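What follows is a short report on a single structure.
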Amino acid sequence: MDRIPDIAPQPERLAWQMATVIAITTETPRVKLFRLKPADWHGFTAGQHVDIRLTAPDGYQAERSYSIGSAPDGSGEIELAIDLIDAGEVSPFFHEVVEVGDAIELRGPIGGHFIWRAEDGGPLLLMAGGSGLVPLMSMLRYRAAAAPEIPAALIYSARRHEDLIWRDELFRRATEDPNFTLLATLSREATPVAGIRQGRIDRALVDAALQSLPTTPKTTYICGSNPFVGAASSFALDAGLPFASIKAERYGG
Amino acid sequence: MATRGFFGKRPTDDVGERLPPGQYRTDDFPVLSAGPTPRVALADWRFTLKDGVRPVMSWNWEAFNQLPQSKLTRDIHCVTKWSKFDTAWSGVMIDDLLAEAGIAAPSEFTLAHSYDGYSTNVPTDDLINGKAMVATHFDGQPILPDHGGPARLLVPHLYFWKSAKWVNGLQFTRRDEAGFWELRGYHMRGDPWREQRFAGD
Ligand SMILES: Cc1cc2nc3c(=O)[nH]c(=O)nc-3n(C[C@H](O)[C@H](O)[C@H](O)COP(=O)(O)OP(=O)(O)OC[C@H]3O[C@@H](n4cnc5c(N)ncnc54)[C@H](O)[C@@H]3O)c2cc1C
């Protein structure tokens, strides 16, 4: 099976470095945004992530991966969106302890597969479950700036209306951008919201996204929890999308 | 340097000493793969041993299951940071595959190939002398498709991406040829105890 030529240039070595926390925003009841300025940053490709390493006073360390949600924009800063996992070790630390001005250790950018560059072309079908939106948001923001003519559709499933990350920006982009279609769905919202579907992702939603695109997507990116990625990729295969055109990133859970 | 305000939820000593650097323990069995799960029918399944481009021996599902069966219970470590202890696998040891094919490992390097088109390279030394198998069962049950069934490579002492899912062949190579993940920056060997996640680690 032929793979898409998607190999980003890899650094010789991924060194750990310190990043300063520039800004923290409460984005949803469970998601905070962290704007970081790494000391030595040479840019990244939309879809990539960083590894974070936290060190306790006695030397104990914990590491986790977080996708970059901002577009590669030459600013030397990156934005992470961290979803609070109640019993977790690292996400509650970010939510409860981290403050502007703190130094956080990280390395990156990481990932040479779940990435998109304008020259990779489209159309793009993006499917996000919960915080799986983060790397896809980077692709959407970058596409809007670098290649707005490339058609894109985003299926985005969240629990409730209040849990939709970057909600206003997404709906604004969908209104303003003729080449971008947003299909949001809420799996646990009791009250209906105009313009948003209710229920889990299903085949009908995938078909609707495909109909919004002028041709079969060149690449489909799916990101979220294991169950979400499992379901979304089966619907994509059932809808006839070629196996090798589907890329997945799984967050756990 | 310590991170301000971080103390961590450290594991107990007996757990901690089994965790390679940067890993945490989970009791779940998360899934890692770069694409959808391929749908492989047992009737079409084949596993092929190759020396370079030359096929040495090939088995269908029935013949493969006639080979000597072994068990391995090991801790596994995924590069996405989770580790799972005492995972119980059974299948065919690479040593037994080589014996069946009537050859000794012909070269120092191996590429594992899979039904989804992905590949990973593993030093041959890490596959032989009781270290690795082609696993067909997990916890006494056929391996689920999401976890690499019908058969996956199991090289438990290396990061788990080396344990190629949906494996359909091993190819011995003269040079250390980078597989799919290794071409994308992941480490050529992937020893979790030396935290060999990425090239240069
Ligand atoms: C490549 C990659 C990119 C990622 N990007 C992001 C991102 O942009 N934003 C983000 O918020 N997270 C992201 N994650 C997930 C993140 O790395 C952590 O796994 C997550 O923050 C939980 O860590 P924790 O220490 O808080 O919880 P842990 O202490 O690791 O886990 C506590 C419990 O929660 C469960 N759990 C872990 N993750 C989830 C989950 N996602 N859903 C439900 N239960 C879970 C665990 O199994 C465990 O039982 C990414 C993961 C990967 C592999």
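The values are calculated or read from the model by the stated rules, or taken from the named source; none is laboratory data. Small disclaimer: the values here were computed from a predicted structure and weren't measured. Please note: Cβ atoms are built from the backbone with ideal geometry, for glycine as well, and neighbour counts cover all protein chains shown. The accessibility values were calculated without ligands, DNA or RNA, using every heavy atom of the protein model including side chains. Shrake-Rupley method; radii C 1.70, N 1.55, O 1.52, S 1.80 Å.
Take the Cβ atoms of B:Val15 and A:Arg159, set R0 to 30 Å, and the FRET efficiency comes out at 0.40. For the range B:49-195, a simple Cβ point-charge model (Lys and Arg +1, Asp and Glu -1, everything else neutral) yields a dipole of about 240 debye relative to the Cα centre. Once you reduce the range A:17-48 and the range A:141-177 to the center of their Cα atoms, the two points are 19 Å from each other. Counting Lys and Arg as +1 and Asp and Glu as -1 over every other residue whose Cβ lies under 14 Å from the Cβ of A:Arg107, the net charge comes to -2.
Across chain B, the mean sequence separation of Cα contacts (distance under 8 Å, 6 or more residues apart), normalised by length, yields a relative contact order of 23 percent. Could you work out what % of the accessible surface of the protein assembly as shown is carbon and sulfur, using a 1.4 angstrom probe and leaving DNA, RNA and ligands out of the count? The nonpolar share, carbon plus sulfur, comes to 51 percent.
For chain A, the relative contact order is 19 percent, taking Cα pairs closer than 8 Å that sit 6 or more residues apart in sequence and dividing their mean separation by the residue count. Each stretch of four or more DSSP H residues adds -39500 (n - 2.57); spread over every residue of chain A, this sum gives -6500 deg cm²/dmol at 222 nm.
For the peptide B:177-184, the mean number of other protein chain Cβ atoms found within 10 angstrom of a residue's Cβ is 3. Each peptide in A:128-140, A:17-29 gets a packing score, the mean of other Cβ atoms within 10 Å over its residues, and the list from highest to lowest is A:128-140, A:17-29. Principal-axis analysis of the Cα atoms of chain A puts helix A:203-212 at an angle of about 80° to the longest axis. Here the range B:126-151 and the range A:91-121 have alpha carbon centers that stand 33 Å from each other. Ordered by solvent-accessible area of protein heavy atoms (1.4 Å probe), largest first, the residues B:Arg18, A:Arg53, B:Arg74, A:Arg13 come out as A:Arg13, B:Arg74, B:Arg18, A:Arg53. For B:Glu108, the shell of other residues with beta-carbons less than 13 Å away shows a net charge of -2, using +1 for Lys and Arg and -1 for Asp and Glu. Within the listed set B:Thr110, B:Thr26, B:Thr120, the residue fluctuating most in the Gaussian network model of chain B (springs between alpha-carbon atoms under 10 angstrom) is B:Thr26.
Once both labels are positioned 7 Å from their Cα atoms along Cα-to-Cβ, the gap between B:Lys71 and A:Val193 label points is 5.1 nm. When all protein chains stay in place and ligands, DNA and RNA are ignored, the 1.4 Å accessible-area order of B:Trp193, A:Trp41, B:Trp82, largest first, is B:Trp193, A:Trp41, B:Trp82.
Applying both filters, DSSP loop and at most 12 other Cβ atoms within 10 Å, to the trypsin sites (Lys or Arg not before Pro) of the range A:170-253 gives A:Arg188. For the segment A:54-64, counting C-beta atoms of other chains within 10 Å of every residue's C-beta and taking the mean gives 6.
Between B:Met133, B:Gly200, B:Leu158, the Cα set farthest toward the positive side of the dipole of the range B:82-201 (charges on each charged residue's Cβ, about the Cα centre) is that of B:Gly200.
Of all DSSP bridge pairs formed entirely within the protein assembly as shown, close to 65 percent run antiparallel.
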